[in-house]
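Below: the structure, in C-alpha cells.
What follows is calculated from the coordinates using simple rules that are stated; it is not laboratory data. Nothing here was measured: the structure is a model prediction, and the numbers come from that model. Cβ coordinates were reconstructed from backbone atoms using ideal geometry, including for glycine residues, and neighbour counts include every protein chain displayed.
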Amino acid sequence: MKNVAVVIRRAPDGERNTEALRMSVGLTLADNRVNVVFLEEGVRTLTPDKSSAALVRKHLETLRTLGHRLVADGQALESQAAGTEFDVEALNEPEIHSLLEACDTVISW
Amino acid sequence: MTQSLGILLTTPPDAGDLEAVIGLGETALAGGRRVRIFVMYEGVRHLNDPRFLELADKGAEIAVCAQNAIERAIEQPPGVVWGGQYDLATMVAECDRFLAFN
C-alpha cells in the first residue's frame, strides 16, 4: 500500500481545488492510503462558496467515510477558515512535516 | 524487474511544464524504464500537441481523464488510453517513482 499525501495550498480558483479533491477520491480506487493536507491559502477550500460547496462536501465526506485522513494547518485554519463546517484535523507545522515525511508520494496542488 | 516512472500532468500548455515532461519521459525510456503518464484538468490540452503525443510513439503509456477532455471538447488521439481516475490511482500505487506537475 502507498501512503499518499495530496497537498492543497493555493486559494480556490475555478475548479482547481475541487479537481484536486476529485483526484484524491479517485486515488482510493487502488491500494493507496490518502491524506489530504490543506496548507496556507488552500484552507479556504474548507469554506467554499455556493457554486462549489456541494462538490467539496461530497468529496470530503466520501474520503472521511472511506477512512482516509483530512488535515489542515491549524494556524491557517484559524485565520482563514475558522467557520468551516468540515471535520478536519488541525495539526501544527512539525506534525504536518512528520506526516509528509512519512508519505511515499506527495502530490502538491 | 523494470523500474517505472509515473508522471501526472495537470497544467495547461502555457505553464511551460511540457518540456520537462518530455525530457524526463525520454530519459527514462532511454534508460529502459517503463513510463506512465496521466493527464487531467488543464493538462488534457497537451493532447493537441504532437510533441506530447510523440512520447506514446516512443513507448510511454499515456492515459487521459476522459471526463476533463470531453468537457474541453478534446477528441481522443490514437495511442492514448481514454480513461479515468482509476488509471491514476493504479499508476500511483504501482510506480517506483512518481512526479506531479500541478
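Data overview
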| quantity | calculated |
| --- | --- |
| Spin-label model distance (nm) - B:GLU71 vs A:GLU85, 7 Å beyond Cα toward Cβ | 2.2 nm |
| Net charge, A:GLU15 excluded, C-beta distance under 10 Å - Lys, Arg +1, Asp, Glu -1 | -2 |
| Estimated FRET transfer efficiency (A:LYS50, A:ASN92; beta-carbon r; R0 30 Å; 0.05) | 0.40 |
| Chain A: C-alpha gyration tensor shape, a/c 1.5 cut-off, then a/b vs b/c | oblate |
| Positive minus negative residues near A:GLU95 (Lys, Arg vs Asp, Glu; Cβ under 13 Å) | -3 |
| Cα centroid separation - the range B:16-95 against the range A:29-107, whole Å | 27 Å |
| Helix B:18-30 axis, angle to chain B major axis (alpha carbon atoms, nearest 10°) | 30 degrees |
| At most 12 other Cβ within 10 Å, DSSP loop - trypsin sites (Lys or Arg not before Pro), the range A:57-109 | none |
| Global size of the protein assembly as shown as Cα Rg and Dmax, reported in angstrom | 17.2, 52 |
| For B:GLU42, net neighbour charge (Lys/Arg +1, Asp/Glu -1) across residues whose Cβ lies under 10 Å away | 0 |
| Highest average packing first - A:16-28, A:40-52, A:86-98, Cβ atoms within 10 Å | A:16-28, A:40-52, A:86-98 |
| Size of charge dipole - the range A:2-108 - debye, nearest 20, with Cβ of Lys, Arg +1 and Asp, Glu -1, no other charges | 400 debye |
| Residue-averaged [θ]222 nm for the protein assembly as shown, counting only DSSP H segments that reach four residues, each worth -39500 (n - 2.57) | -11500 deg cm²/dmol |
| Hypothetical label at A:THR65: residues of the range A:1-44 whose amide nitrogen lies under 20 Å (7 Å Cα-Cβ projection) | A:18-36 |
| Sequence-distant residues sharing a close amide H with A:VAL7 (under 5 Å, placed H) | A:VAL37, A:ILE107, A:SER108, A:TRP109 |
| Alpha carbon Rg of the range B:21-102, scaled by the compact-globule rule 2.2 N^0.38 Å | 1.03 |
